[in-house]
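Below: the structure, in structure tokens.
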Amino acid sequence: MFSGSARLLRRIAVTVLGVAVLGVGIAMLVLPGPGFLVVALGFFILSLEYEWARSRFEQARTKAADLADQAAGRPLYSVFTILFGLGMVAAGIWWALDDGLPASGPWTGGSIIFSGLVVLATMVVSLWQAHQAREHGQPTPAELLERREHTERQERDGHQERAGGAATAPGSPGSRP
């Protein structure tokens with residue numbers, strides 16, 4: 001009897017925490033912060049109890065990694081992302097210490113600092129992976145992503161061409177006058 005109650009309490013706690021983290025992540029998609037990473041974390045928490053959340057977690061994790069790899073593949077994006085992360089840490093410190101700011105305090109400042117640190121850590125990992133790949137003469141994650149997107153685009157275009165019928169150029173043997 002107790003194990004059934006404990007299981008139900010665990011499921012409720014995981015659900016509430018997962019939905020809350022997912023909500024914060026969704027908000028961060030339009031607000032400053034690592035939105036896709038927090039969405040992935042929310043789905044990860046939910047995946048502890050729900051099978052449907054496991055595939056969503058993998059999709060969100062892949063999207064977050066792809067975005068970080070794209071940023072690592074372009075020096076200007078890398079610099080911007082690092083400056084953004086450092087700016088978030090500075091803003092978080094300011095928000096934690098300045099009582100005159102709206103919703104200021106250690107929790108708000110701490111969450112902004114945490115978000116900035118997540119952005120920086122993600123960027124560092126992506127830059128490290130790109131460096132390792134180059135060092136071993138392998139394609140970087142950003143290059144692999146570009147190849148995958150190019151292949152998917154070609155497959156999609158080929159599928160659309162097959163579905164709509166091949167168009168013929170004017171004056172070619174299959175064209176009508």
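Quick note: the coordinates plus some simple rules give every number you see, no bench work behind them. Only a predicted model underlies this, so the values are computations on that prediction, with no experimental measurement involved.
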Relative contact order of the stretch 2-161, defined on C-alpha pairs under 8 angstrom at six or more residues apart (%): 17 percent
Global form of the stretch 1-136, assessed from the alpha-carbon gyration tensor, a/c cut-off 1.5: oblate
Sequence-distant residues sharing a close amide H with Gly73 (under 5 Å, placed H): none
222 nm mean residue ellipticity, helices alone, for the chain (DSSP H n ≥ 4; -39,500 (n - 2.57); rounded to 500): -27500 deg cm²/dmol
